[in-house]
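Peer 1: Could you have a look at this structure, given as structure tokens, before my questions?
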Amino acid sequence: MSIEKTQAQIKSSLWKAIAQSGVSLSSISTEDQTKLVDHLTEGILETVNELLEPATEPLKQAGKTEPLLDEEVVLWQGRPFLSLVEFYTLTSERIKIVHGLIGKDVENFELIRVQDIDLKQTVGERMMGLGDITITGADASAPMVILRNIPQPNDVYETLRKAWLAARKKYGLIFREEM
């Protein structure tokens, strides 16, 4: 379900609960009532997202200060907003996507196979600080991967872009365009 649909469903539930409570809101202007419900909706979404956060340790190397030259390093971990069944890990070598709550499906997308990275945000996603990152590449099993509803997508996009360029440089891959 999209963020916009989730927001609309929560707003509808809030209006219904207010109507069923018997509390009179006639002393509050319609504009202020709408602001209140909008603010409550955002608060509910943020609280639910925090409750869904997995209990993970902060990203750190166990007692190491500098990673070894060829060691794979975790650069970012996250999940889509309000999701229990998807989890993303970006390392210096690959993008790992795990699907599933009980059964797990793990997909790896090597950074050296990435050809293009795009960031897309709808108006609702921009207001919530979310976005989708589309990764296109030369991976036979999944030529396109979309990291959906990522919090702080600009930061994740830049981290991914830098890791991609570093991986290409590490393996001596260069860009070549035909004209």
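Peer 1: Among I150, I44, I28, which one shows the highest mean-square fluctuation when the chain is modelled as a Gaussian network with alpha-carbon springs under 10 Å?
Peer 2: Highest fluctuation among the options: I28.
Peer 1: Which of K96/K170; K5/K162; K11/K104 have a Cα-Cα distance over 28 Å?
Peer 2: K5/K162; K11/K104
Peer 1: Give me a comma-separated list of calculated 3J(HN,Hα) values for the stretch 75-85, in order, Karplus coefficients 6.51, -1.76, 1.60 applied at θ = phi - 60°, integers in Hz, x for any Gly or Pro.
Peer 2: In residue order, the calculated couplings are 9, 7, 9, x, 8, x, 4, 6, 10, 9, 10 Hz.
Peer 1: Mean Kyte-Doolittle of at least -0.5 and a Cα length of 20 Å or more along the axis: which whole DSSP H helices of the chain meet both?
Peer 2: Span-like helices here: 3-21, 30-52.
Peer 1: Could you work out the relative contact order of the chain, using alpha carbon pairs under 8 angstrom and six or more residues apart, expressed as a whole percent?
Peer 2: Across the chain, relative contact order equals 14 percent.
Peer 1: Which residues' amide hydrogens lie under 5 Å from the amide hydrogen of Q115, considering only partners 5 or more residues apart or on another chain, with H built in the peptide plane?
Peer 2: It is T136, G137, A138, by chain and number.
Peer 1: Could you point to the label whose value was computed as Cα extents along the principal axes in Å for the structure here, given (i) 69, 49, 31; (ii) 46, 40, 34; (iii) 43, 34, 26?
Peer 2: Among (i) 69, 49, 31; (ii) 46, 40, 34; (iii) 43, 34, 26, the one calculated here is (i).
Peer 1: What are the residues whose amide H is under 5 Å from the amide H of E93, where those residues sit 5 or more places off or on another chain and H is modelled from the backbone?
Peer 2: Hits under the 5 Å cutoff: V73.
Peer 1: Further, regarding this structure: What ranking, highest mean first, results for peptides 88-97, 156-165, 8-17 when packing means the other Cβ atoms within 10 Å averaged over each residue?
Peer 2: Taking the mean over residues of other Cβ atoms within 10 Å, the ranking is 88-97, 156-165, 8-17.
Since every read-out is calculated from the coordinates, none of them should be taken as a lab result. As the structure is a computational prediction, the values presented were derived from the model and not from experiment. Note that each Cβ is placed from the backbone with ideal geometry, even for glycine, and that neighbours are counted across all protein chains shown.
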